[in-house]
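Enquirer: This is the structure I have questions about; it appears just below.
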Amino acid sequence: MPLSLETTDGTALITMPEEGKFNPESLGAFNSALDGVEAEDSATLLVITGRDKHFAQGLDLDFLYTAAPDTAVSFVNDCMRMVGRLLQFPLPVVSAINGHAFGLGFMIAIASDYRVMRSDRGFLCLPEIDLGMTLIPSMNALVTGKLGGSLLRDMLLAGKRVGGDEALERGLVDACCTVDQVLVRAGEIAQAMQGKDRKTLRGLKADINRPILDVIDAA
């Protein structure tokens with residue numbers, strides 16, 4: 001199924017395409033959805049979720065490995081510009097992590113203001129070490145800015161997969177619950193941030209994420 005956007009009672013819900021792999025088509029759809037949320041005056045909250053057992057698997061490696069080198073680099077930079085949008089989005093952003101969040105999918109999650117994860121299934125993972133890949137500067141700025149210490153070491157250098165209970169214990173997520181409660185909890189967790197002035201919220205988010213955004217903008 002393709003990416004979808006629906007807004008109900010002020011909550012804009014973006015549901016990732018099946019398997020949540022990012023290629024130029026799905027990235028364009030995601031950016032268009034963000035445009036739609038920003039244009040919707042009634043929206044006070046953005047929730048991002050996935051389908052079935054996946055939140056988002058990250059980059060579409062079939063596309064990436066067959067694209068010309070310049071095309072691949074440009075595309076990955078475009079993906080990080082999308083992440084940059086989330087880092088300064090004018091509404092509270094909650095990732096409702098219904099399943100696996102790998103690579104770029106995990107980066108979308110840590111670029112959100114809040115994270116709610118199902119407790120019984122799914123892992124957070126940076127698989128680059130096992131794919132023989134290094135991070136581009138903007139990705140490195142994001143993960144080093146949002147993670148730290150042993151968590152950064154374990155996830156980036158060892159490729160550790162972190163489940164829901166451990167993610168909560170280590171501060172990676174704000175709440176952990178059964179799958180049927182993930183969207184419910186996502187709608188509740190950001191209430192204190194809802195209804196704030198959009199321009200002010202965007203500016204404050206940009207300020208606190210400036211070191212990451214500067215690297216994204218420089219690409």
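Enquirer: What helices does the chain have that are whole DSSP H segments, at least 18 Å long along their own axis by Cα, and with mean Kyte-Doolittle hydropathy of 0.0 or more?
Expert: Long hydrophobic helices here: 24-39, 69-87.
Enquirer: If each residue's Cβ is checked for other Cβ atoms within 10 Å, how do Ser95, Ser4 rank with the fewest at the top?
Expert: Listing Ser95, Ser4 from fewest to most nearby Cβ atoms yields Ser4, Ser95.
Enquirer: Can I ask one more? Work out, step by step, the length gained on full extension between Asp52 and Arg210: first 0.36 nm times the residue separation, then minus their alpha carbon distance; give nm to one decimal.
Expert: 53.4 nm
Enquirer: Picking from Leu183, Ile48, Gly203, whose Cα lies most toward the positive end of the charge dipole for the range 4-218 (charges on Cβ: Lys, Arg +1; Asp, Glu -1)?
Expert: Of the listed residues, the answer is Gly203.
Enquirer: Order of Met1, Met107 from fewest to most other C-beta atoms within 10 Å?
Expert: By the 10 Å Cβ count, ascending: Met1, Met107.
Enquirer: Ranked by Cβ crowding within 10 angstrom, fewest neighbours first, how are Lys196, Lys205 ordered?
Expert: Lys196, Lys205
Enquirer: If we restrict to alpha carbons, what Rg and Dmax does the range 4-218 come to, in Å?
Expert: Computed over the Cα atoms of the range 4-218, radius of gyration and Dmax are 16.1, 46 Å.
Enquirer: Under a Cβ-only charge scheme (Lys and Arg +1, Asp and Glu -1), can you give me the dipole magnitude of the range 57-164 about the Cα centre, in debye to the nearest 20?
Expert: Roughly 400 debye, rounded to the nearest 20.
Enquirer: Do the sum for the chain: with -39,500 (n - 2.57) for every DSSP H run of n ≥ 4, divided by all residues, what is the mean residue ellipticity at 222 nm, to the nearest 500 deg cm²/dmol?
Expert: That calculation yields -13000 deg cm²/dmol at 222 nm.
Enquirer: Moving to a separate point now. For the pair Thr8 and Asp197, how long in nm is the line joining their label points, each one 7 Å along Cα→Cβ?
Expert: Result: 3.3 nm between the two label points.
Enquirer: Quick check: the distance between the Cα centres of the range 146-219 and the range 68-90, to the nearest angstrom?
Expert: 18
Enquirer: Mind checking which of Val173, Leu157, Gln194 is farthest towards the positive end of the range 128-206's charge dipole, using Cβ charges of +1 (Lys, Arg) and -1 (Asp, Glu) about the Cα centre?
Expert: Selected residue: Gln194.
Enquirer: Mind checking the dipole of the range 4-218: about its Cα centre, +1 per Lys or Arg Cβ, -1 per Asp or Glu Cβ, Debye to the nearest 20?
Expert: 520
Enquirer: Give me log10 I(q)/I(0) at q = 0.10, 0.21 Å⁻¹ for the range 67-186, Debye formula, one equal scatterer per alpha-carbon, no solvent.
Expert: -0.30, -1.22
Enquirer: I need the GluC sites (Glu not before Pro) found in the range 1-94, filtered to DSSP loop residues with at most 16 other beta carbons within 10 Å of theirs.
Expert: Glu40
Every number here is computed from the coordinates shown, using simple stated rules; none is lab data. Treat the numbers as computed from the prediction; the structure is a model and nothing was measured. For neighbour counting, all protein chains shown are included, and Cβ atoms are generated from backbone atoms with ideal geometry for every residue, glycine included.
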